[in-house]
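Report on one structure; see the data block that follows.
The values are calculated or read from the model by the stated rules, or taken from the named source; none is laboratory data. These figures come from a predicted structure and were not determined experimentally. Cβ placement follows ideal geometry from the backbone for every residue including glycine, while neighbour counts extend to all protein chains displayed. Just the protein is used for accessible areas: all its heavy atoms, side chains included, with ligands, DNA and RNA removed. Shrake-Rupley method; radii C 1.70, N 1.55, O 1.52, S 1.80 Å.
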Protein chains: 2
Amino acid sequence: MTRQMHLGLFLLGTGSHVAGWRHPGAVASFQDIGAIREIARTAERGRFDMIFMGDNLYADPKAHPSYTLRLEPLTMLAALAGATERIGLGATASTTYSDPFTVARAFASLDHISGGRAAWNAVTTANPASAANFGTVHPEHARRYERAGEFLEVVRGLWDGWADDAVVADRESGLYIDPAKVRALDHAGPFFRVKGPLNIGRSPQGHPVVLQAGGSEAGLDLAARTADVVFSVVQDLDEAKAAYAALKGRLPAHGRPPDAVSVLPGVMPVVGRTTREAFDTLAVLQGFVSDDNALALLSDRLGRDMAAYDLDGPVPEIAPSDSYHAFARVMLAKARRERMTLRDLYNLTAAARGHWVLCGSAETVADTLQHWFEAGAADGFNIMPPFFHAGFTAFVDLVVPILQARGLFRRDYAGTTLRDHLGLARPARA
Amino acid sequence: MTRQMHLGLFLLGTGSHVAGWRHPGAVASFQDIGAIREIARTAERGRFDMIFMGDNLYADPKAHPSYTLRLEPLTMLAALAGATERIGLGATASTTYSDPFTVARAFASLDHISGGRAAWNAVTTANPASAANFGTVHPEHARRYERAGEFLEVVRGLWDGWADDAVVADRESGLYIDPAKVRALDHAGPFFRVKGPLNIGRSPQGHPVVLQAGGSEAGLDLAARTADVVFSVVQDLDEAKAAYAALKGRLPAHGRPPDAVSVLPGVMPVVGRTTREAFDTLAVLQGFVSDDNALALLSDRLGRDMAAYDLDGPVPEIAPSDSYHAFARVMLAKARRERMTLRDLYNLTAAARGHWVLCGSAETVADTLQHWFEAGAADGFNIMPPFFHAGFTAFVDLVVPILQARGLFRRDYAGTTLRDHLGLARPARA
């Protein structure tokens, strides 16, 4: 079989476009589990590897509505487990604002509940506004990543506390658990002391799949060491190749082969039956953008208040802040390459929050994804529909069949777990 | 309509009996969501007010298997939301080992997902073994309750951050959220500083239902101030009346009418078609008890290691420890009343972990529940089946119809939310 793409569906509130909810017929509530269930089933119909849900830990009622209102990821994904059969289910949880026992346990539980379809999108939480909801001060970037490294080590250790066959449940002898097959972790490190074991057995995948998206040096190092799937933030093919090579190049140092990690650039596909139809849709969406929320979103991405600058002047020379390294870097680079005004940049940000926008006919979109996939820029893509449902069904109904016809994407699931879909082995107990 | 009982189903691992899993045909895995789904549907068929799931935050592979292996409550209840339609869904979360932003958010999410059926069983976490999984020292009893009081205040404040009509989603104007209808909390207290608002809107019930089970003075005070449902731990009618009066008597001081809180004693019904059949079942279950796990469980309940004492000697005079006040008090009182040996006491503990065991024919069980209900001892009961499924279906199929025929229990749900079932008004936004 030829190498095949992996596709993830990125769920964030009302869609990735800041004003996608204004599109006629768009889903306007992201607290509506019925609508989300329909989206998940559409993704499964399209044979996606997984759905995954972004997260924030604060609300800003004046910014991107999708940032502000949402169901909590773990409860939402658990609810989707019963509404789907094969698709992977990824939830975001923060290594800065949670603790490893709770996180390890919840994802093991989601893995049991879904029959081996759980994934944890491990984030260090970029936005400092989160800290005020937890009575603390947002740690600086390096410290967040140090903590994340230890956090992941503890979580994996906890996932290995129980042997697969530790539950004996022998009615005759009365032995329920074989204590010899359960061990404490007794972790003591700079950030955490965790005794273990978990109060849940080893899960169907052994380790739920670990997703990451960090684009900084520290983020890439952590991903090379611990991630199974990496989402990259890029605006063109050269950047995608560079991000791909940067991640894959770090794997040997950790004794991992290149295919141990799938790199999926984020992309917002705006798809039409014709090129014209696609650009009309994008124009409609861009027409919904208001200065207020676009500027708030741009400020969020760049990590500083951009309201002070002239909208129709050039993008100012600013240094990336402590948060969202990858976004700030690729957005500022693109602005310089294309001599953008600040208004151009915020329009771009409004569309896909700094991710790549790929607008065109289904053939063009499929061609481009294939080109990137074959050019060493991607193992697949993280699909970020501008709005739901039509903004996503266009991709599933028009683009996926082309990829399938070209042998680039599965026609049906071959296995039952997310590891099966991703071609990842089930880890032995360490 | 005459006053009616409320019934909750208590889910803990393989059942409340320490060795219930050994019963022929019993469900032996409590990581099997399929079996749990069947239990939930049985409870809904029996028109129970709610299912709720106990929790611990540590594993002891040598003790009660139900204490040691389980799905994580919030993910499990979220998964059950889609498998059921009306029944309330309660999950335990600790005020000592979690934080209010996370808890408020997760239960609001479960309430949205379930269409208004979420309940939070707020516990302070009695067992000190939990602390070692969170890198901390278990706080003493008084401090746990101080923290719990502030925790609940913050959670309720967060649930009120968004007005019910704060989401405008006006496609024409582009206004998604009306910022005037969202407010921060800006809480600053001895334990927590939480800015808010939540990143999820006000949930269908306004406030998810709050359950509590604390039996100490501090526990009763907290419940009288903040709970909607209280589970009591009792061994006989006089204790049940006293616990009932103790809770209800505290309500006026907090400006709450007596029916603001339902008091549900925990009971393990062992039901047969005849008295003989019921006692045979109980004897079979008790025959499965081994010294090892019964002693571990008894030590857990009494908060001290009981292995040093003579099993066939009298129950020693010991003072209740810092944890499980209600259990230790009622168990030791019963042991003294009935001149039990330590072996008698551990057999009792093995059966229902210190809760009341009600063994008899369906008629006798129904008569006794009715008598308690009418004697000012209970507003209903927290049903703790010794094992699943037969240990629970016997109650649903044999006892519930008698209660229904007597007009003591609903034949069908009248409303859609858990507040509807409990007869609790939806709270206005404070």
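Based on the inverse mean of 1/r over its pairs of different Cα atoms, what is the Kirkwood hydrodynamic radius of region A:312-430, in Å?
17.3
Need the list of lysines near A:Lys334 for cross-linking: C-alpha distance under 30 angstrom, and skip anything on the same chain fewer than eight residues off.
A:Lys62, A:Lys241, A:Lys248
Tell me, what % of the accessible area of chain A is carbon and sulfur with a 1.4 angstrom probe?
Result for chain A: 52 percent of the exposed heavy-atom area is carbon or sulfur.
How far is helix B:217-226 tilted, in degrees, relative to the longest principal axis of the Cα atoms in chain B, given as a value from 0 to 90 rounded to the nearest 10?
40
So what is the calculated 222 nm ellipticity per residue for chain B, using -39500 (n - 2.57) for each DSSP H run with n of 4 or more, over all residues, to the nearest 500 deg cm²/dmol?
-11000 deg cm²/dmol
Given the options B:Val230, B:Thr68, B:Gly161, identify the residue whose Cα lies farthest towards the positive end of the charge dipole of chain B (+1 on Cβ of Lys, Arg; -1 on Cβ of Asp, Glu).
B:Gly161
Using modelled backbone amide H atoms (1.01 Å from N, in-plane), which distant-in-sequence or interchain residues come within less than 5 Å of B:Val263's amide H?
Sorted by chain and number, the residues that satisfy this are B:Val230, B:Asp379.
Provide a list, ordered by number, of residues in region A:17-40 showing at least 40 Å² less accessible area with every protein chain present than when their chain is taken on its own, using a 1.4 Å probe.
Those residues are A:Trp21, A:Arg22, A:Ala28, A:Gln31.
Dividing the alpha-carbon radius of gyration of the protein assembly as shown by 2.2 N^0.38 Å (N being the number of residues), what value is obtained?
This ratio for the protein assembly as shown stands at 0.97.
In µm²/s, what is D for region B:145-286 at 37 °C and 0.692 mPa s, where D = kT/(6 pi eta Rh) by Stokes-Einstein and Rh is the Kirkwood radius from Cα pairs?
Using the Kirkwood radius from Cα pairs, D works out to 177 µm²/s.
If you take every DSSP beta bridge whose two residues both sit in the protein assembly as shown, what share of them, in percent to the nearest 5, is antiparallel?
Just about 15 percent of them are antiparallel.
Please report the antiparallel percentage of the DSSP beta bridges confined to region A:6-422, to the nearest 5.
Expressed as a percentage, antiparallel bridges in region A:6-422 total about 15.
Using DSSP to call loops (not H, G, I, E or B), can you name the GluC sites (Glu not before Pro) in region B:153-228 whose Cβ has at most 10 other Cβ atoms within 10 angstrom?
B:Glu172
For region A:250-314, what log10 I(q)/I(0) values come out of the Debye formula at q = 0.16, 0.21 1/Å, with one point per alpha carbon and no solvent?
Evaluating at q = 0.16, 0.21 Å⁻¹ gives log10 I(q)/I(0) of -0.81, -0.93.
Highest first, please rank the peptides A:11-20, A:79-88 by the mean number of other Cβ atoms sitting within 10 Å of their residues.
Per-residue Cβ counts within 10 Å, averaged per peptide and sorted highest first, yield A:11-20, A:79-88.
Residues of region B:131-157 losing 10 Å² or more of accessible area relative to the isolated chain, 1.4 Å probe, heavy atoms only?
In region B:131-157, residues shielded by partner chains: B:Ala132, B:Asn133, B:Phe134, B:Gly135.
Could you name every residue in region A:84-107 that has 30 Å² or more less accessible surface in the full protein assembly than in its own chain alone (probe 1.4 Å, ligands and nucleic acids excluded)?
Buried on complex formation: A:Phe101, A:Arg105.
Which distances in nm, rounded to one decimal and ordered from shortest, link the label point of A:Ala375 to the equivalent label points in the other identical copies, with labels set 7 Å from Cα toward Cβ?
8.2
Which angle from 0 to 90°, rounded to the nearest 10, does the C-alpha axis of helix B:275-287 make with the longest principal axis of chain B?
90
Which distances in nm, rounded to one decimal and ordered from shortest, link the label point of B:Val137 to the equivalent label points in the other identical copies, with labels set 7 Å from Cα toward Cβ?
2.5
Treating the beta-carbon of each Lys and Arg as +1 and of each Asp and Glu as -1, no other charges, what is the dipole magnitude of region A:6-422 about its Cα centre, to the nearest 20 debye?
200
Would you mind listing the distances between the A:Val168 label point and the same position in each other copy? Use 7 Å along Cα-to-C-beta, nm, one decimal, shortest first.
When each copy's label point is compared with this one, the spacings are 6.6 nm.
How high is the FRET efficiency between B:Arg276 and A:Val168 when r is their beta carbon distance and R₀ equals 45 Å, given to the nearest 0.05?
Given R0 = 45 Å and the Cβ-Cβ separation, E is 0.85.
Top mean-square fluctuation among A:Gly149, A:Gly157, A:Gly415, Gaussian network model of chain A, C-alpha springs under 10 Å?
A:Gly415
Take every Cα pair under 8 Å in region A:6-422 that's 6+ residues apart, average their separations, divide by the length, and report that relative contact order as a whole percent.
22
Helix A:325-337 versus the longest principal axis of chain A: what angle, 0 to 90°, nearest 10, using Cα atoms?
20
Would you please calculate the Kirkwood hydrodynamic radius of region B:6-422 over all C-alpha pairs and express it in Å, rounded to one decimal?
For region B:6-422, the Kirkwood estimate is 22.0 Å.
At a probe radius of 1.4 Å, figure out the A/B buried accessible area, summed over both chains, and give it in Å² to the nearest 100.
Buried area between the two chains comes out at roughly 5300 Å².
Which cross-chain or sequence-distant (5 or more) residues have an amide H under 5 Å from the amide H of B:Ser216, H modelled 1.01 Å from N in plane?
Excluding prolines and chain starts, which carry no amide H, the hits are B:Ala326.
So who's got an amide H within less than 5 Å of the one on B:Phe52, skipping anything under 5 residues away but keeping other chains? H placed 1.01 Å off N, in plane.
B:Leu9, B:Phe10, B:Leu11, B:Gly90
Considering only protein heavy atoms, what per residue accessible area in square angstrom results for region B:85-209 with a 1.4 angstrom probe?
Accessible surface, normalised per residue, equals 32 Å².
Counting only other chains, and only Cβ atoms inside 10 Å, what mean value do you get across the residues of A:167-174?
The per-residue average across the peptide is 5.
In the calculated pair distance distribution of region B:1-117, what percentage of Cα-Cα distances lie above 20 Å?
45
Need one value for A:55-62: mean number of C-beta atoms belonging to other chains within 10 Å of its residues' C-beta atoms.
Per-residue shielding by partner chains comes out at 6.
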